[in-house]
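Q: Mind looking over this structure? Questions follow.
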Amino acid sequence: MSRTTTLFRRFFLSIVASMLLLQTTMVQASSDADGLPGFASLFEKASPAVVNISTLSKPKARQQVYGPGGEELPEIFRRYFGIPLPDEGMSGRNQPMSLGSGFIISPDGYILTNNHVVDGADQIIVRLSDRSERAAELIGSDKRSDLALLKINSDRSLPVVKIGNSDRVKPGQWVAAIGSPFNFEYSITKGIVSALNRSLPSDSYVPFIQTDVPINPGNSGGPLFNMQGEVIGINSQIFTRSGGFMGLSFAIPVDHVMWAVEQLKEKGYVTRGWLGVAIQDVDRDLAESFGLEKPKGALVSQVVPGGPADKAKLHPGDIIIAFNGRTITNSGILPMSVGVVRPNQKVELEFVRNGKRKTVDVEVGQLPDENTGAEKTSGKQNSDKNPLGVQVAELDDDYRTKLRLEKDVQGLVVVGVSRGAVRSIGLRQGDIITDLNNTSVSTVKQFDRVVSGLPRNRSISMRVIRGGNPGYLTFRLPE
């Protein structure tokens, strides 16, 4: 073989190798354009605004166990029966309760997480990306949507997440979660959106985003990102039969979250619209019996007397197919649609009765509070426009039943907390105030009179019963 031929072969092979390298580069570039390997950049930009959340609870009193003769059991028997000793969790130190995640939504330190992460905590600790820790104040929470808004103080502007638009989310798109599964901080997992507007039995007022992103204990309250690094949801729940991840995770849409945030900032809790009906899904047989071409809508099985639907003349057997301009394809969509409407707002409702479509205007009511009975508007209660920023009502039989109070308990039930002095001490709906500034209060007049005479810039005590347990809280009124 001549030298010329050899040189030509080498030149040809180099051209082929260059073309293969170029093709490989183009494939890799195409993959980047598809968004598949883009999680590294997303993590780098978004993770500084993600936080780790731990909570502490006050230790319980040491449990005493006695033998048949009345003597306390020795340590060896306490260990045998699995009773903790003082050095195993009953010491004077606060004890860890739970771990979760959260994310910063404003430079001045507002943080979002799940309510179940911080529920019942005596102290909330937030760990930032620089490993520094801050004590957090619970600004407000909402059990129905499993949301909690926290606030930390910082001497610098904090990194924040970019809020996206969950209405633009589509099944099949790539998403990623950042959090602390099993306390492994700043872990990122990825997957796709599986479905939208999922209604879960325990959370009928949240239109969940379903994904296959691996979520585990510790991810709760953390952000769900789209490929642009925008938060589109808060990771909240998984469906499992084993206790671990099984390919189904659920996130609260960020649009629903931000709707609730404004109320949590303003008053510490969330109010929702209420229609006053019991509903069920329409299956094929029901659709046929009610003259529908296909299963759709929410079948009214009961109408609450005196409720908004009753006043609008809805009847059992009516099938609601549209509410406030939104089509009701199944019964799970109706509570979500009603819940985001302001109480006392009039909206249009479309329904089918005896095979005929009808339209009616309905004035939406306020959804009764499931824990405190704070929905009551009758009876004696004051305004929250006072220095304390607290609204109280007098105890009656309904409140006593709902709060499981003994008849001898005297005081006032907290039905609302807005911005005021008591927000800093964690007072919340359902608490019972029995004494204020060392004075017993059982009527609104007594309460208002004591409030008007409270001293400024001095410690003030308040005796509160929460969950059957009494205790004293202290606060100060500024000059």
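The values are calculated or read from the model by the stated rules, or taken from the named source; none is laboratory data. None of the values given here were measured: they were computed from a predicted structure. Please note: Cβ atoms are built from the backbone with ideal geometry, for glycine as well, and neighbour counts cover all protein chains shown. Quick note on the areas: whole protein, heavy atoms, side chains included, nothing else; ligands and nucleic acids left out. Shrake-Rupley method; radii C 1.70, N 1.55, O 1.52, S 1.80 Å.
Q: Give the whole-number value, in cubic angstrom per residue, of the convex hull volume spanned by the C-alpha atoms of region 116-177.
A: 143
Q: Could you tell me the calculated FRET efficiency between Thr439 and Asp310, based on Cβ-Cβ distance and R0 = 41 angstrom, to the nearest 0.05?
A: With R0 = 41 Å, the Cβ-Cβ based efficiency is 0.40.
Q: If amide H atoms are built 1.01 Å from N in the plane of the peptide, which residues on other chains or at least 5 residues away come under 5 Å of the amide H of Gln123?
A: For Gln123, the qualifying residues are Leu56.
Q: Continuing with the same structure: Kindly list the residues of region 175-202 that lie in the label zone of Ser41, defined by a backbone N under 17 Å from the point 7 Å along the Cα-to-C-beta vector.
A: 175-176
Q: Mind listing the phi-derived Karplus ³J(HN,Hα) values for region 283-295, rounded to whole Hz, using 6.51, -1.76 and 1.60 with θ = phi - 60°, and x for any glycine or proline?
A: Values per residue, Gly and Pro as x: 8, 4, 5, 5, 4, 5, 5, 9, x, 8, 5, 8, x Hz.
Q: Could you give the nm distance between label points at Arg449 and Leu286, where each point is 7 Å from its Cα heading toward the beta carbon?
A: Roughly 5.5 nm, to one decimal.
Q: If you don't mind, another one. Step through the residues of region 257-271 one at a time and calculate ³J(HN,Hα) from phi using the Karplus curve (6.51 cos²θ - 1.76 cosθ + 1.60, θ = phi - 60°), rounding each to whole Hz and writing x for Gly and Pro.
A: Per-residue couplings from phi come out as 5, 5, 4, 7, 4, 4, 5, 5, 5, 6, 9, x, 8, 10, 9 Hz.
Q: Given H placed 1.01 Å from N in the peptide plane, which residues other than close sequence neighbours of Tyr205 have an amide H under 5 Å from its amide H?
A: none
Q: Between Tyr472 and Glu137, what is 0.36 nm times their sequence separation minus the Cα-Cα distance? Round to one decimal in nm.
A: Contour length minus Cα-Cα distance gives 118.8 nm.
Q: Can you find, among Leu200, Gly179, Pro159, the residue sitting farthest towards the positive end of the charge dipole of region 156-203, where Lys and Arg contribute +1 and Asp and Glu -1 at Cβ?
A: Pro159
Q: Output the peptides 467-479, 132-144 sorted from most to least packed, where packing is the average of other Cβ atoms within 10 Å over each peptide's residues.
A: 132-144, 467-479
Q: Count charges around Gly229 for me, please; just the other residues with Cβ under 9 Å from its Cβ, Lys/Arg as +1, Asp/Glu as -1.
A: So the environment of Gly229 carries a net charge of +1.
Q: If you take the square roots of the eigenvalues of the alpha-carbon gyration tensor of region 382-479 and sort them as a ≥ b ≥ c, do you get rounded (a/c under 1.5), prolate (a/b over b/c) or oblate?
A: It is prolate, given that a/c is not under 1.5 and a/b is the larger ratio.
Q: Once all Cα-Cα distances of region 131-237 are split into 10 Å bins that start at 0, what whole-number percent is in each one?
A: In order of increasing distance, the bins hold 13, 41, 36, 9, 0 percent.
Q: May I ask you to give the percent of accessible area on region 96-242 that is carbon plus sulfur, with a probe radius of 1.4 Å?
A: 48
Q: Using a 1.4 angstrom probe, figure out how much accessible area region 229-327 has per residue, in square angstrom, rounded to the nearest whole.
A: 47
Q: How large is ³J(HN,Hα), in whole Hz, for each residue of region 216-225 in order, when computed from phi with the Karplus curve 6.51 cos²θ - 1.76 cosθ + 1.60 and θ = phi - 60°, using x for Gly and Pro?
A: Running phi through 6.51 cos²θ - 1.76 cosθ + 1.60 with θ = phi - 60° gives 9, x, x, 7, 4, x, x, x, 10, 9 Hz.
Q: Could you tally the net charge around Gly179, taking each other residue with its Cβ under 14 Å from the Cβ of Gly179, Lys/Arg +1 and Asp/Glu -1?
A: +1
Q: Right, here's the next one. Assuming R0 = 30 Å, what is the FRET efficiency of Arg458 and Ser154, from their Cβ-Cβ distance, to the nearest 0.05?
A: Calculated transfer efficiency: 0.55.
Q: Give the residue list of trypsin sites (Lys or Arg not before Pro) in region 190-284 that are DSSP loop and have at most 13 other beta-carbon atoms within 10 angstrom.
A: Those satisfying the criteria are Arg241.
Q: I'd like the distance separating the alpha-carbon centroids of region 313-362 and region 426-455, in whole Å.
A: 42
Q: Non-local amide H neighbours of Gly416 (under 5 Å, H modeled in plane, Pro and chain starts lacking H): which ones?
A: For Gly416, the qualifying residues are Gln391.
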